[in-house]
Amino acid sequence: MRTSPRRRLTSTSVPLSHSSVKFSHAVIVGLAAGLLGGLFGVGGGLIIVPGLVSLAGMDRRLAHGTSLAATLPIAAASLITYVSHGNVDWAVAFFLAIGAIAGAIVGTTLLHIIPKNVLIVIFVITVLATATRLAISTDSTGRSDLTVAMALMLIVVGLLTGTLAGLLGIGGGVIMVPAMVVILGMVPVVAKGTSVAVIVPTAIMGTIRNRKKANADIRVAAVVGGFGAVSAVIGGTISDRMSDYVSNVMFSLLLVFVAVTQLLSLRSKPVAEQPAPSLPASD
């Protein structure tokens, strides 16, 4: 029996449920997010969200949920690299994770309530605040001893981190890394490693909830996260050798660029969304 042209066409593509993101675009976003996520301990969401929206044309709300799912393999790969270099503080990670997991539930719930333009404003404020903090040089020699008050403060920071992760599709490192450096005086590379240790359970919780609400494109996330995991190992290795000053300056400039790009998107007219059923397996 002859195969119809229509059947032959669909057999060469990977169907997606929500979007029409090209495979090559997902690969580019994943490689960039993984490299920078591993380099700065942020999970990669700061690159994935604008990348999926601007480069791949994905709906912003869906991009947030998809980003959090893609963050999981990227953070896991980064964590392996940081652990291999002894750059994770597990005690601090434990208290941050307690709040972060609860916060992820709050954030993914708010994602379906807050308007898209408000999401953009929150995203921009978050990255600009982080850029400002990273631009300020801080001498760190190691964290101070953990007290009960300090542990409670870390849980609160984790709660805020998890909420932003679920709401904005980012891993939460943009909050945790500066907080650990400022509050505990941790060495930046250890703060980054501890950050990705917390991002892993946060991303798992947020993705489960987003998946139940059909707010994550798992196939796109798998491509982005898979390629991102490879480059995350490279980024984590470079981070272990990079000076704190150079790392902070580079990341601050990156955050400013992303913030400006997202602010400009507020001025553009919204384009009517059209469902497209497939993502080509190659481009």
**Request:** Specify whether the C-alpha gyration tensor of segment 16-84 places it in the rounded, prolate or oblate class, a ≥ b ≥ c being the square roots of the eigenvalues: rounded for a/c under 1.5, otherwise prolate if a/b is larger than b/c and oblate if not.
**Result:** prolate
**Complete:** Between V118 and L253, the FRET efficiency computed from the C-beta separation at R0 = 22 Å comes out, to the nearest 0.05, as 0.25
**Message:** Given axes a ≥ b ≥ c from the Cα gyration tensor, I'd like to know whether segment 27-137 is rounded (a/c under 1.5), prolate (a/b larger than b/c) or oblate.
**Reply:** prolate
**Request:** Go through segment 146-157 residue by residue and turn each phi into a ³J(HN,Hα) via Karplus (6.51, -1.76, 1.60, θ = phi - 60°); whole Hz please, and just put x for glycine and proline.
**Result:** 6, 10, 4, 4, 5, 5, 5, 5, 5, 5, 5, 4
**Asked** Based on the mean of other beta carbon atoms within 10 Å per residue, what is the order of 221-227, 188-194, most packed first?
**Response** 188-194, 221-227
**Fill in**
Expected unfolding gain across R241-S84 under the 0.36 nm per residue rule, minus the alpha-carbon gap, is 55.2 nm
**Prompt:** Of V106, A69, G41, which is farthest along the charge dipole of segment 28-143 in the positive direction, counting Lys and Arg as +1 and Asp and Glu as -1 at C-beta?
**Reply:** V106
**Request:** Would you mind working out the magnitude of the charge dipole of segment 23-266 relative to its Cα centre, with +1 at each Lys and Arg C-beta and -1 at each Asp and Glu C-beta, to the nearest 20 Debye?
**Result:** 660
**Request:** Could you work out, for segment 23-266, what percent of all Cα-Cα pairs fall into each 10 Å distance bin, beginning at 0 Å and stopping at the bin that holds the largest distance?
**Result:** 9, 37, 39, 13, 1
**Request:** Report the FRET efficiency, 1/(1 + (r/R0)^6), for S24 and I125, where r is their Cβ-Cβ distance and R0 is 41 Å, rounded to 0.05.
**Result:** 0.80
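Where a number appears in this text, it was derived from the coordinates with a stated rule and is not lab data. Since the model is a prediction, treat every value here as computed from it, not as a measurement. Neighbour counts run over all protein chains shown; Cβ positions are idealised from the backbone, glycine included.
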